[in-house]
Structures are given as structure tokens and as C-alpha cells.
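Colleague: Take this structure, written in C-alpha cells, and hold onto it; I'll ask about it next.
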Amino acid sequence: MRNIYFLLFIFTMVFHFDGKSQDLLSMLDSIKPEKNETYYAEGTFKTIRLINGYTSETVAKNELVFCISHRFGTVNQGIYDFFGLDQSTIRFGFEYGLNDRIDLGIGRSNYEKLYDGFIKIKLARQSSGNKEFPVSITLLEGMSVSTVKWTNDAVEYPLTGRLYYIHELFIARKFNEKLSLQLSPVIIHRNMVKTPEEQNTVGALGIGGRYKITNRFTVVGEYYYLFPGNTADNFNNSLAFGVELETGGHVFQIHVSNSTGMTEKAFIPETLGKWSEGDIGIGFNIIRLFSLNRK
Amino acid sequence: MKKILILVLVLIFHVLNSFAQDLYMVSKANINFTSDAPLEVIEASSNQCTGVLKITEGSFAFRVTVKSFEGFNSSLQKTHFNENYMESSKFPYAVFEGKIIEEIDFYSPGTHSVRGKGSFTSHGVKQERIIKCKLTISPDKIIVKSDFSVLLDDHNIKIPSVVRQKIAEEILVHLELELVPKK
């Protein structure tokens, strides 16, 4: 009988000792949070623009983004034009977040004296945790109007003929902290084109991505493939490479590209430059974010 | 033999029971931090904290999910917090584990000022810390309140010179936790 008590005593001690030696931290791993949170992928791209085109990012509620872009002439013009820097095409634009998923943008470019306006809607967000979704999907619906003076009196050029429509979808995935890629199918409709042979409606597929070298320095690339047709036969696919530097509320983007336009209507179906012939120009975007939230 | 069996069962029950009784788990949490820099004040808070306190030995472990902090002055700031400074995908938690220095009676209600000694890990860098806090013990729960500061430099969080006026070198943390016995 005494032996049994002794055994029980030992047993109790061992049991107790076991309990004591249990690592409290490893215990925390076994706790399931009561409400399983969903984490949405943040910062798939540094900002709303990749190079010439947009990204799946939208501007957050009550925030305003100002973007000023320049595209210089082609570098193959040599020293006389200072490698294209003597000529420049500009666009400046604003984008404002109505809420965290919808934003509105306007812009003005000296390329065909183009005004543009658009709405971007985040249809789906990449998420992990409770709700899992592999990609972010953003829809862009835009319109632009060319306001260059018409000098040919023989041909009528009504306002409706100056309008362009853009429908684009951005399907993006942040694979890890460094790599994000996006696919962007786009349809551009032009109410009026120069010749009957030209397509009024042009389809293209964009592919773009970024790779973070450091937390604030990124390399980016962007390519728009024109679907076969008259446009694809006479114009070139837009290809651009660049780097991004982020400092607080600013993002500086410097790149080389064979396109000179900065609106979808301009750089997707109207790119004439050829990389193989050195028709590439230097360009930059300076993007500044202002928070209008009252603090 | 029957007696022994009953005795064994009683003892096991007793052991299990006492084992459960001396563990307190975090049931409610509010952790907020303030960066008070000359040009900008940044605040954020989280309620995503798990933790356990073993009252028999005064040992504890608390863990906060870095990604769960909300607030900030803009969503971009939150992105920068996670991506550039805390690198929360690489280092998802801030952890404090250790032991309470003072020996206090957890079974009688009262308020105690105690010091927790242990290792504080944030941004993957471990620091030995002694953190003061106030414990309020009542029969069914323990409330922990604490104010302490964290130096960014201690945890290898680098601030670029252009934003040095906007981010404080010393981050003030205020936390309130409610712990209840583990069921």
C-alpha cells in the first residue's frame, strides 16, 4: 500500500513537472484566434502607375494623388536634340479616392491636347487568412477627348469623333514581398479613325511587373501586346522598363520606352517607335500622395 | 483496490485541475503605439494579442500580430509600416516572454506594481528588457496595464534621413490586457 502511495506521489510530481516545463510561447501557437482575421495584400505595387499604364492599386479614401509625367524624344536623334531631351510630351493628372475601392481620375496631356477622365474600381482583393483570394482585380473605365484644332475644312470632325473609350481590367498578384505581376486585358474604342482600314476597336493584353531590390527601390517592366489586326500590322507593341524610388509620400519613376503617349489611347494603339531601331525615349513620372483626412 | 482507483482518479483530477487553474489567458487586449516626431504624430492600435500567464511561477508570454495594427495617418503609412519598417511578412509578431520579478499573491484581489523581466522581440531582434506594469487582480480576472517605450535603433529599424523629422526614434507603447483563467 505504501508503495502505491509512493508511486502516486512520483506520478503526481512528474505530471506537475511536465506541466511546468511546457513552453508558454509554444502554447500560444495552439491558440486559435476567436475571430479569424482576413489579411488583404497591401502594396502589390508602389503606386497607381506602373510606367505608361496603371496598376491594380487604387487611391485610398480621401487621398489625392498628383502625377506629373514627361516623355522625351527618342535617344537615336543624337546630340543635336540632346538624345531626345529637347522634346517632351507631358501629362499631369489627379486621382482621388472616393473610398478604399473606388477612385476617380482626370488628366491633361499635350499629346493631341488630350483630356482624360476615368474611374477605377477594385472588384476583388488578394487576401489570406479567413477569406482567401489569389488575385486583386481592378476595373478601369475611361474616356478621353482630343482637342487639337481642326484645319481641314473639307472633312467634318465633330466632337463625337474626338472621343476615345478605354475598358481595362488589371489582374494582379503579389507573389511575395518582392515580386508582383499583373495581366491587363484592354479594349480601346475610337469613335473616328483616319482611314477606313484602321480599326475603331483595338484589343490588347498588357503584362507588367515589379521586383523590389530594396524596400524603396524597385525595377519595373511593362509590355502591351496588340491582338492581330490592322493596328498590330501598322503599329508596334509598347515595351517599357524602368526603376522606381520611393521616399515617404513620393514615388519617382524613371524609364525607357518606345511610346510617347501617357494615356491608354495614345500608347497602346499608336506606338510607332521600334526598340530595334533605337526609337526609345527616356521618361519619368513623379507621383505625390496627399492625405486629405482631417487629423 | 476500488479505493485506490478512486484515489488515483481524484488525484489526476486534482492535478489536471490545478494545472488548468494556474494558467491565465488574454481575453481582451488593446495595444497602441505613438510616434511623436517634430513634424508628425503617428498612432496605431491593435487588439490582436494572445498571451498566457502562469501564476504559480509568474512566468508569461505575450504575442502581438504586427499586421493587425490599424490607425495611422494614411493607408500608405500603414503599408510603409508593414513593408519598409516592421517587415511584417518576415517578422509577423512582436513577443515579450519572461518572468515577473516580484512574488505576489495572485489568489487575493488587489493592485500590484510589478516588473516583467524577459526578452522582447520585435522586427526579429531580441532585447533583454525589464518592463514595469500594473496588475489588478480580481477573483475572475487579471488586468495588466503598462506604458513603455521601444527604441527603433534597438530593433534595427532604420529611418531614412528624409523622414527623420516625421518618425520618432522612441516609440511609446501603451497596453491594456485582460486575462481570465484558462478553461
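The values are calculated or read from the model by the stated rules, or taken from the named source; none is laboratory data. Predicted model, so just to flag it, every value in this text is computed and none were measured. Cβ sites come from the backbone with ideal geometry, for glycine too, and all protein chains shown count toward neighbours. Areas reflect the complete protein model, heavy atoms only, side chains present, ligands, DNA and RNA absent. Shrake-Rupley method; radii C 1.70, N 1.55, O 1.52, S 1.80 Å.
This table checks each residue for (1) touching a helix residue (DSSP H, G or I) at 6+ places or on another chain (Cβ under 6 Å); (2) within 20 Å of A:Glu112 (Cβ to Cβ).
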{"site": "A:Ile207", "(1), (2)": "no, no"}
{"site": "A:Lys212", "(1), (2)": "no, no"}
{"site": "A:Gly221", "(1), (2)": "no, no"}
{"site": "A:Pro228", "(1), (2)": "no, no"}
{"site": "A:Phe235", "(1), (2)": "no, yes"}
{"site": "A:Glu244", "(1), (2)": "no, no"}
{"site": "A:Pro269", "(1), (2)": "yes, yes"}
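Colleague: Another question about this same structure. Just checking, which of A:Leu123, A:Leu28 is without any contact (Cβ under 8 Å) to a residue 24 or more places away in the chain and either open to solvent by 70 Å² or more (accessible area, probe 1.4 Å) or in a loop (DSSP other than H, G, I, E, B) (or both)? Lay out the reasoning, then the answer.
Modeller: Values: A:Leu28 fails: either open to solvent by 70 Å² or more (accessible area, probe 1.4 Å) or in a loop (DSSP other than H, G, I, E, B) (or both).
Answer to the selection: A:Leu123.
Listed here are the residues, each with its yes/no results for (1) at pLDDT 95 or above; (2) within 26 Å of B:His80 (Cα to Cα).
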residue	(1), (2)
A:Ser146	no, no
A:Trp150	no, no
A:Leu159	no, no
A:Val186	yes, no
A:Lys194	no, no
A:Gly203	yes, no
A:Val219	yes, yes
A:Tyr223	yes, no
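Colleague: Right, another one. Restricting the search to the stretch B:37-76, which residues are in contact with a strand residue (DSSP E or B) (Cβ under 8 Å, 6 or more places away or on another chain) and hydroxyl-bearing (Ser, Thr, Tyr)? Before you say what the answer is, go through the steps one by one.
Modeller: At the first step, the residues of the stretch B:37-76 found to be in contact with a strand residue (DSSP E or B) (Cβ under 8 Å, 6 or more places away or on another chain) are B:41-55, B:57-76.
B:Ser45, B:Ser46, B:Thr50, B:Ser59, B:Thr65, B:Ser68, B:Ser74, B:Ser75 - these are the residues of the stretch B:37-76 that are in contact with a strand residue (DSSP E or B) (Cβ under 8 Å, 6 or more places away or on another chain) and hydroxyl-bearing (Ser, Thr, Tyr).
The rows are residues; the columns are (1) modelled with pLDDT of 75 or more; (2) facing chain B (nearest Cβ under 10 Å); (3) farther than 29 Å from B:Lys2 by Cβ.
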| residue | (1), (2), (3) |
| --- | --- |
| A:Phe9 | no, yes, no |
| A:Gln22 | no, yes, yes |
| A:Leu25 | yes, yes, yes |
| A:Ile51 | yes, no, yes |
| A:Thr55 | yes, no, yes |
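Colleague: Looking at (1) in a strand (DSSP E or B); (2) crowded, with 17+ Cβ neighbours inside 10 Å; (3) in contact with a Gly (Cβ under 9 Å, 6 or more places away or on another chain), find the lone condition where A:Asn236 falls short.
Modeller: A:Asn236 satisfies all of (1) in a strand (DSSP E or B); (2) crowded, with 17+ Cβ neighbours inside 10 Å; (3) in contact with a Gly (Cβ under 9 Å, 6 or more places away or on another chain) except (1).
Colleague: Among the numbered criteria (1) in contact with a Gly (Cβ under 8 Å, 6 or more places away or on another chain); (2) surrounded by 16 or more Cβ atoms within 10 Å (Cβ to Cβ); (3) not acidic (Asp, Glu), which single criterion is violated by A:Thr138?
Modeller: Tallying (1) in contact with a Gly (Cβ under 8 Å, 6 or more places away or on another chain); (2) surrounded by 16 or more Cβ atoms within 10 Å (Cβ to Cβ); (3) not acidic (Asp, Glu), A:Thr138 fails exactly one: (1).
Colleague: When the stretch B:105-136 is examined, which residues are found to be part of a loop (DSSP other than H, G, I, E, B) and of a type in the set (S, T, N, Q)? Quick ask: steps written out before the conclusion?
Modeller: Of the residues in the stretch B:105-136, the ones part of a loop (DSSP other than H, G, I, E, B) are B:105-109, B:123-124.
The answer is B:Ser108, and nothing else.
Colleague: Quick check on my filter: what residues within the stretch B:89-126 are closer than 30 Å to A:Phe45 by Cα, in contact with a Phe, Trp or Tyr (Cβ under 8 Å, 6 or more places away or on another chain) and of a type in the set (Ser, Thr, Tyr)? Talk me through it step by step, then tell me what you get.
Modeller: Filtering the stretch B:89-126 down to residues closer than 30 Å to A:Phe45 by Cα leaves B:89-95, B:121-125.
Now narrow it down to the ones that are in contact with a Phe, Trp or Tyr (Cβ under 8 Å, 6 or more places away or on another chain): B:94-95, B:121-124.
Scanning the stretch B:89-126 gives B:Thr121, B:Ser122.
Colleague: Might you let me know whether the stretch A:274-290 holds any residue that is part of a loop (DSSP other than H, G, I, E, B), within 14 Å of chain B (Cβ to nearest Cβ) and open to solvent by 60 Å² or more (accessible area, probe 1.4 Å)?
Modeller: Filtering the stretch A:274-290 down to residues part of a loop (DSSP other than H, G, I, E, B) leaves A:274, A:278-280.
Then drop every residue that is not within 14 Å of chain B (Cβ to nearest Cβ), which leaves none.
No, there is no match, as no residue in the stretch A:274-290 is part of a loop (DSSP other than H, G, I, E, B), within 14 Å of chain B (Cβ to nearest Cβ) and open to solvent by 60 Å² or more (accessible area, probe 1.4 Å).
Colleague: So in the stretch B:149-159, with the set limited to residues that are among the β-branched types (Val, Ile, Thr) and part of a loop (DSSP other than H, G, I, E, B), which one is surrounded by the fewest Cβ atoms within 10 Å (Cβ to Cβ)? First the steps, then the outcome.
Modeller: Going residue by residue through the stretch B:149-159, those that are among the β-branched types (Val, Ile, Thr) are B:150, B:157, B:159.
From the residues that got through so far, the ones that are part of a loop (DSSP other than H, G, I, E, B) too are B:157, B:159.
Values: B:Ile157: 19, B:Ile159: 17.
In this case the residue turns out to be B:Ile159.
Colleague: Just to check your reading of the model, which residue among A:Ser184, A:Ser146 is in contact with a Lys or Arg (Cβ under 7 Å, 6 or more places away or on another chain) and surrounded by 13 or more Cβ atoms within 10 Å (Cβ to Cβ)? Steps first, answer last, please.
Modeller: Details: A:Ser184 fails: in contact with a Lys or Arg (Cβ under 7 Å, 6 or more places away or on another chain).
Answer to the selection: A:Ser146.
Colleague: Now for a separate question. Between B:Ser119, B:Ser146, B:Ser68, which is within 14 Å of chain A (Cβ to nearest Cβ), free of Cβ contacts under 8 Å to residues at least 40 places away in the same chain, over 19 Å from A:Glu177 (Cβ atoms) and open to solvent by less than 30 Å² (accessible area, probe 1.4 Å)?
Modeller: On the way: B:Ser146 fails: within 14 Å of chain A (Cβ to nearest Cβ); B:Ser68 fails: over 19 Å from A:Glu177 (Cβ atoms).
Step by step, each of B:Ser119, B:Ser146, B:Ser68 is checked, and only B:Ser119 is within 14 Å of chain A (Cβ to nearest Cβ), free of Cβ contacts under 8 Å to residues at least 40 places away in the same chain, over 19 Å from A:Glu177 (Cβ atoms) and open to solvent by less than 30 Å² (accessible area, probe 1.4 Å).
Colleague: Could you list, in sequence order, all residues of the stretch B:39-65 that are under 12 Å from the mean Cα position of the chain (by Cα), facing chain A (nearest Cβ under 9 Å) and free of Cβ contacts under 8 Å to residues at least 40 places away in the same chain?
Modeller: Residues of the stretch B:39-65 that are under 12 Å from the mean Cα position of the chain (by Cα), as a first pass: B:46-53, B:60-65.
Within this subset, residues satisfying the condition of being facing chain A (nearest Cβ under 9 Å) are B:48, B:50-53, B:60-63, B:65.
Within the stretch B:39-65, B:Gln48, B:Thr50, B:Ala61, B:Arg63, B:Thr65 qualify.
Colleague: I'd like to check something: does the stretch B:160-182 contain any residue that is away from chain A (no Cβ under 13 Å) and outside any strand (DSSP E or B)?
Modeller: Step one: filter the stretch B:160-182 for residues away from chain A (no Cβ under 13 Å), giving B:168-178, B:181.
Next, from what is left, pick out any that are outside any strand (DSSP E or B): B:168-169.
Looking for residues that are away from chain A (no Cβ under 13 Å) and outside any strand (DSSP E or B), one finds at least one in the stretch B:160-182, hence yes.
Colleague: Still on this model: Can you find a residue that is buried (at least 20 other Cβ atoms within 10 Å of the Cβ) and in a loop (DSSP other than H, G, I, E, B) anywhere in the stretch A:64-78?
Modeller: no
Residue-by-condition table, conditions (1) over 15 Å from the mean Cα position of the chain (by Cα); (2) of a type in the set (Asp, Glu):
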position: A:Asp81; (1), (2): yes, yes
position: A:Glu95; (1), (2): no, yes
position: A:Asn99; (1), (2): yes, no
position: A:Glu112; (1), (2): yes, yes
position: A:Lys120; (1), (2): no, no
position: A:Val135; (1), (2): no, no
position: A:Val148; (1), (2): yes, no
position: A:Thr160; (1), (2): yes, no
position: A:Ile171; (1), (2): no, no
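Colleague: Considering (1) touching a residue at least 60 places away in the same chain (Cβ under 8 Å); (2) acidic (Asp, Glu); (3) outside any strand (DSSP E or B), say which one B:Glu102 fails and leave the rest.
Modeller: (1)
Colleague: Can you pull out every residue in the stretch A:79-94 that is open to solvent by less than 10 Å² (accessible area, probe 1.4 Å) and out of contact with any helix residue (DSSP H, G or I) (no Cβ under 9 Å at 6 or more places or on another chain)? Walk me through it before giving the result.
Modeller: Residues of the stretch A:79-94 that are open to solvent by less than 10 Å² (accessible area, probe 1.4 Å), as a first pass: A:84, A:91, A:93.
Result: A:Gly93, single match.
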